[in-house]
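Below is one structure, written out as structure tokens; comments come after it.
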Amino acid sequence: MIKLFSLKNQKKDNADGRSGQKKSSAAQLRVTKDLAELTLPKTCQTEFHDPDDLLNFKLIICPDEGIYRNGRFVFSFNVGQGYPHEPPKVKCDTRIYHPNIDLEGNVCLNILREDWKPVLTISSIIYGLQVLFTEPNHEDPLNKEAAELLRTNRRLFEQNVAKAMAGCQIGSHYFDKVCK
């Protein structure tokens, strides 16, 4: 019975001409669709180090407004095989002084956690990340020191952001120079 079943599959593969071709996973198909429909704002660009691997790529955000204006921030996207039922893993590769991004690059964005739904797309995440630069949120922080400063002394917070973007040290932490 097993031999008959495998012969049936071989015939089926040969009949539709796909014998020997690698099948795309549901995640690959969905990412391909998401990227085909993606219209990036002028402040964003994507980089694919391997054009055949659409599940791993970089997103560069260069805000043109707000306190992070003129910075260049790189995020790594790793889309797992559970996508779109599970959100992609997104890390900030640029060390940044931000209440919603910790010093290890973890990103606190609700749609990357509890509010993820399969109807959301790569585009939804990109726009969510952009909002973090125009409206940092001190109410749901990963960097508690930055969040507390944003809440209690916005002016000093903005000075720390400027220093961090210039590649200076804040407290015991050194930051990447990200200014254009």
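The values are calculated or read from the model by the stated rules, or taken from the named source; none is laboratory data. Only a predicted model underlies this, so the values are computations on that prediction, with no experimental measurement involved. With ideal geometry, Cβ positions are generated from the backbone for all residues, glycine too; neighbour counts draw on all protein chains shown. What goes into the accessible areas is simple: the full protein's heavy atoms, side chains included, and nothing from ligands, DNA or RNA. Shrake-Rupley method; radii C 1.70, N 1.55, O 1.52, S 1.80 Å.
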Options (1) 1.33; (2) 1.08; (3) 0.96 are given for Cα Rg over 2.2 N^0.38 Å, and the computed one is (1)
So how strong a dipole does segment 81-171 carry about its Cα centre when Lys and Arg Cβ are +1 and Asp and Glu Cβ are -1, to the nearest 20 debye? 200 debye
Binned at 5 Å from 0, what are the whole-percent values of the Cα-Cα distance distribution for segment 121-170, short to long? 5, 19, 22, 24, 16, 9, 4, 0
Let me have the 222 nm mean residue ellipticity of the chain computed from DSSP H runs of 4+ only, each contributing -39500 (n - 2.57), with the sum over all residues rounded to the nearest 500. -10500 deg cm²/dmol
I'd like the orientation of helix 26-37 relative to the chain: the angle between its Cα long axis and the longest Cα principal axis, in ° from 0 to 90, rounded to 10. 60 degrees
Would you mind getting the accessible area per residue of the chain, heavy atoms of the protein chains only, 1.4 Å probe, in Å²? 61 Å²
Whenever you get a sec, line up VAL79, VAL119 from highest to lowest accessible area (probe 1.4 Å, protein heavy atoms). VAL119, VAL79
Quick check: from the Cα gyration tensor, does segment 53-94 come out rounded (a/c under 1.5), prolate or oblate? prolate
Carbon and sulfur: what percent of segment 43-98's accessible surface (1.4 Å probe)? 45 percent
Taking all pairs of different Cα atoms in segment 40-135, averaging 1/r and flipping that mean, what Kirkwood radius in angstroms comes out? 13.7 Å
Nearest-20 debye value, segment 26-180 charge dipole, Cβ charges on Lys, Arg, Asp, Glu: 420 debye
For a quick check, take a GNM of the chain with Cα springs below 10 Å and name the residue from GLY128, GLY66, GLY80 with the largest mean-square fluctuation. GLY66
